[in-house]
1. Express in whole angstrom the spacing between the alpha-carbon centres of the stretch 190-256 and the stretch 149-185.
2. Over the stretch 159-398, what is the mean sequence separation of C-alpha contacts under 8 Å (at least six apart), divided by residue count, expressed as relative contact order in percent?
3. Which of rounded, prolate, oblate describes the stretch 159-398, given a ≥ b ≥ c as roots of the alpha-carbon gyration tensor eigenvalues and a/c under 1.5 marking rounded, otherwise prolate only if a/b is larger than b/c?
4. At 0.36 nm per residue, minus the direct Cα-Cα distance, what do E365 and D174 gain on full extension? Give it in nm, one decimal, please.
5. Note the angle between two axes, namely the Cα long axis of helix 54-78 and the longest principal axis of the Cα atoms of the chain, as a number of degrees from 0 to 90, rounded to the nearest 10.
6. Pull out the extension gain between R354 and R82, defined as 0.36 nm times the separation in residues minus the alpha carbon to alpha carbon distance; nm, one decimal.
7. If you count the DSSP beta bridges with both ends in the chain, what percent of them are antiparallel, to the nearest 5?
8. Please tell me the relative contact order of the chain in percent, rounded to the nearest whole number, where contacts are Cα pairs under 8 Å and at least six residues apart.
Amino acid sequence: MTEAMRRNGRARRGAALRIVLAAVGLGVVLALVALVHRYLLGRLVLDAGVPEPARSALAVSLALLAAAMVLQPAAERLLPLRHARRLAWPAYVWMGALFLLLSLTLASDALLWLMAATWPPGTEPDPIGPARLRALAVAGIGGAATLVGLRGALAGPVLRRLELRLDRWPAGLDGFRIVQISDIHIGPMLGRAFAGEITERVNALAPDLIAVTGDLVDGSVERLRHDVAPLAGLRARHGTFFVTGNHDWYSGAAAWVAEAEALGFRALRNERVTIGSGAARFELAGVDDQRGDWLHGSPCDVARALAGRDPAVPVVLLAHDPTTFAEASQRGVDLQLSGHTHGGQIWPFRYLVRLAVRWVEGLHERDGCLLYVSRGTGFWGPPLRLLAPAEITEITLRAPEAA
C-alpha cells in the first residue's frame with residue numbers, strides 16, 4: 001500500500017468520524033430542545049390546568065418555536081441572507097425568552113418544593129392553585145424581562161470610558177487613547193446598518209488606535225462582505241488592529257483575516273508591532289483565538305507573539321479569550337484587552353459563563369498586569385441584553401505619576 005493510499009484512507013476515516021460525531025451532536029441537541037420544551041409545557045400549561053382551546057394553542061406554539069430554533073442554523077447557511085434573517089428573529093428572540101422562562105421555572109420548582117415541605121400533613125392546598133399562580137408569575141416576569149432585554153440590545157452599545165495608569169507607560173504617550181470594539185457579530189441579526197453606526201461612533205472619538213478583539217462575524221465572507229463593508233471607514237492615527245475570535249474561526253478565519261486586511265485592518269496573528277518611536281513607544285501584540293488550534297491547527301501562541309521583545313518596552317496584548325491572561329500575566333504583559341464573554345449577555349447566564357471563564361467582564365489585575373474584558377459591542381444569538389449592556393470602550397493610558 002502506497003503512502004498516498006494510506007493518507008486517503010486516513011482522510012476517509014476522519015471524514016466518517018466527523019459525520020458520526022455531527023450526527024450524535026445533532027441528536028443530543030434535538031433531544032435537549034424537546035426535553036426543555038416538554039418541561040415548560042408540563043409546568044406552565046398542563047400542571048396549571050390551562051383549559052382548551054388555550055392548552056392546544058400553547059402546545060402548538062411551543063412546537064413551532066422549537067422547530068424555528070432547530071431550523072434556524074440550517075436556514076442561516078442555505079437560504080438567502082434576507083430570508084434567513086426573517087427566521088432568525090423569532091428563533092433567536094424565543095431562544096432568549098426560553099432561557100429566562102427555564103431559569104424562572106426551575107427556581108420556582110425549588111421554591112414550591114420548599115413550601116410543600118412545610119405544610120403539615122393533611123393541610124396541603126389544592127396543587128392547581130399554586131401551579132396556576134406560578135405559571136402566571138413566570139410568564140409575566142419572563143415576558144417583562146424579555147422586553148427589557150430586547151430594549152437593552154436594540155438600543156446599541158453604551159460608551160464606556162476608562163483611564164488606566166500603567167507602571168511602565170512612557171511619559172511621551174501619556175493620554176494615548178485606544179478604542180476597543182469586540183464581539184460585533186455581524187451576521188444573521190446585525191448587518192450593514194449596525195456596522196455603519198459603529199464606524200461613525202468610533203470615528204467621532206478620534207482615537208489614537210482601534211482594537212477589534214475578535215468575533216467580527218457569524219457567517220462566510222461571501223455572505224457578509226456587503227454587511228461589513230462600512231467598517232472600512234474606521235480611522236485612527238495609528239490604525240485599526242484585529243485578532244481572531246472563536247466565531248471568526250467557525251466562519252472561516254483565513255478568509256476573514258484576508259477580508260479584514262482588505263478593510264484596512266492590521267491582523268495580528270501571534271505577532272506584534274511597534275507603535276510610536278524612541279522613548280515614546282510600546283509593543284502591540286495579538287494572538288489567534290484558542291479555538292483555532294483544534295479547528296485548524298493554528299494555536300493561540302503568546303510566547304511566539306512576545307518572543308525577542310525588549311523587556312523595558314511596555315506591551316499591550318489583544319486576545320479574544322480572557323483565559324489567555326493566565327499565561328500573559330506570567331510573561332509580563334502590561335495590559336490585555338479581551339472580549340468573548342459578552343458579560344454574560346442575559347442575566348443570570350453570567351454565572352454559567354463564570355464556570356468556564358474566570359474573568360467575565362471589566363478590569364482585573366494579576367501579578368501587576370491588567371486585563372480589561374469588554375462586554376462586547378454587538379450580541380450573539382438572542383437580541384437581548386439584560387444587566388449586561390453592550391459597549392464601545394475608550395481606554396486612556398497614563399504614565400506613572402511623578403514621585
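Any read-out appearing in this document is the output of simple, stated calculations on the displayed coordinates, not a laboratory observation. Bear in mind that the values here come from a model prediction, so they are computed numbers and not experimental data. Reconstructed Cβ throughout: ideal geometry from the backbone, glycine too, with neighbour counts over all protein chains shown.
1. After rounding, the separation between the Cα centres reads 16 Å.
2. This gives 26 percent for the stretch 159-398.
3. Note, shape of the stretch 159-398 comes out rounded.
4. Result for the pair: 66.7 nm of gain on full extension.
5. 30 degrees
6. The R354-R82 span can extend by a further 94.4 nm.
7. Antiparallel bridges: around 35 percent, rounded to the nearest 5.
8. 19 percent
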